[in-house]
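Structure first, commentary second.
The values are calculated or read from the model by the stated rules, or taken from the named source; none is laboratory data. Every value quoted in this text rests on a predicted model; they were computed, and no experiment measured them. No Cβ is skipped: glycine too gets one built from the backbone with ideal geometry, and neighbour counts run over all protein chains shown.
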Amino acid sequence: MKKKLSIFSLVLAFILVLSACASGSGSSSGSSASSSSGTQKKTLRVVDDATYAPFEYMDKGKIVGFDVDILNALSKETGYKVQLANVGWDPVFVELKNKTADMSISAITINSQRKQTYDFSVPYFLSTNKILVKKNSNIKSGADLKGKVIAVQTATTGQAAVEKIVGQNNPNVKKFKTINLAIMELLNGGADAVVADNTVIEEYAKNNPGQNLKVIMDKKAFAPEFYGLMYPKGSNLRSVFDKAINTLYANGTYTKIYQKWFKASPDVNELKAQQK
Ligand code: ARG
């Protein structure tokens, strides 16, 4: 009886070991398939509106700018090849909504309204809206925009900020497809002011001294904004690229690219503090 029992338990133990082996090999082959080490990562379709110097603009047929350098550094860091396409501002949003593109980098402000439809990276740039006017203008603040004609790029935070001051659907707000068309309207006398991201209009005023323009800041009227990479909702690229952005912060690559374009040093700690 005793002997019989021990043989039985031996057989039972053998079966248990066998089944453990089987399930073990099963799960290990599963995990090696999902990690797919060594396989080629797909080339990402990245879209932008390359009419927004110095972030993204066309130069001798090529898209260049601060964002483009950041994108290339991220591509190197993550191992994802990228194919950047200049599609225009509205199509950027359409493509990501329809998931015909994987990502956008286009000086896009992260805000709660956009977050309902899209995902964003951690912030990579601090911006704010400012007012571009002719030097002899009597506009000195956001409040002074009331009753004036203001040109903006359609569907930007600049448009939203102006409408907050002068009211939505106010016919005095002239909306243009690109910021350059909005600036032309100011130069031609069709508008009294342009409201847009500070870096873009400051750069324009500096590079075109003959046009007698000045830039007005109003911290009460225009809040700080942060740019992020934008993805279709639920994109699994987010964590990979967030990690890479933090690597560029840590290893000095971000600072180098920033200094190249803006001849100043970024406040990396301020950007990182936004990640909470
Ligand atoms: N930062 C502003 C926004 O998100 C304007 C960005 C416009 N970018 C561009 N590439 N045209 O609304």
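Among the residues in the range 203-211, are any out of contact with any Gly (no Cβ under 8 Å at 6 or more places or on another chain) and within 16 Å of the ligand (Cβ to nearest atom)?
There is at least one residue in the range 203-211 that is out of contact with any Gly (no Cβ under 8 Å at 6 or more places or on another chain) and within 16 Å of the ligand (Cβ to nearest atom).
Conditions tested, residue by residue: (1) without any contact (Cβ under 8 Å) to a residue 40 or more places away in the chain; (2) within 26 Å of residue 134 (Cβ to Cβ).
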{"site": "168", "(1), (2)": "yes, no"}
{"site": "180", "(1), (2)": "no, yes"}
{"site": "200", "(1), (2)": "no, yes"}
{"site": "227", "(1), (2)": "no, no"}
{"site": "240", "(1), (2)": "no, no"}
{"site": "248", "(1), (2)": "no, no"}
{"site": "254", "(1), (2)": "no, no"}
{"site": "262", "(1), (2)": "no, yes"}
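Residues in the range 201-245 that are aromatic (Phe, Trp, Tyr), in a loop (DSSP other than H, G, I, E, B) and either modelled with pLDDT under 95 or under 14 Å from the mean Cα position of the chain (by Cα) (or both): how many?
The number of residues fulfilling the criteria is 0.
Counting just the residues of the range 48-60 that are of a type in the set (A, V, I, L, M) and within 10 Å of the ligand (Cβ to nearest atom), which one comes out farthest from the chain's Cα centre (by Cα)? Walk me through how you get there before you give the answer.
First, the residues of the range 48-60 that are of a type in the set (A, V, I, L, M): 50, 53, 58.
This time we only want the ones that are within 10 Å of the ligand (Cβ to nearest atom), so: 50, 53.
Numbers: 50: 13, 53: 15 Å.
Step by step, filter the range 48-60, then rank; the result is 53.
State which residue is nearest to residue 58 (Cα to Cα) when the search covers only the range 106-115 and only residues that are of a type outside the set (D, E, K, R) and near the ligand (Cβ under 9 Å from one of its atoms).
Filtering the range 106-115 for residues that are of a type outside the set (D, E, K, R) and near the ligand (Cβ under 9 Å from one of its atoms), the one nearest to residue 58 (Cα to Cα) comes out as 106.
Name every residue in the range 217-243 that is buried (at least 21 other Cβ atoms within 10 Å of the Cβ) and of a type in the set (A, V, I, L, M), in order of residue number.
221, 229, 230
Please specify each residue of the range 226-261 satisfying the condition of being touching a Pro at 6+ places or on another chain (Cβ under 9 Å) and within 16 Å of the ligand (Cβ to nearest atom).
226, 227, 228, 261, listed by residue number.
Test residue 80 against the criterion of being within 13 Å of the ligand (Cβ to nearest atom) and of a type in the set (Ser, Thr, Tyr), and give yes or no. Walk me through it before giving the result.
Values: within 13 Å of the ligand (Cβ to nearest atom): no; of a type in the set (Ser, Thr, Tyr): yes.
No: the conditions fail for residue 80.
Considering only the range 160-189, how many residues are within 19 Å of the chain's Cα centre (by Cα), under 15 Å from residue 200 (Cα atoms) and either among the aromatic types (Phe, Trp, Tyr) or assigned to a helix (DSSP H, G or I) (or both)?
The total comes to 1.
Between 185, 95, which is within 26 Å of residue 212 (Cα to Cα) and among the charged types (D, E, K, R)?
185
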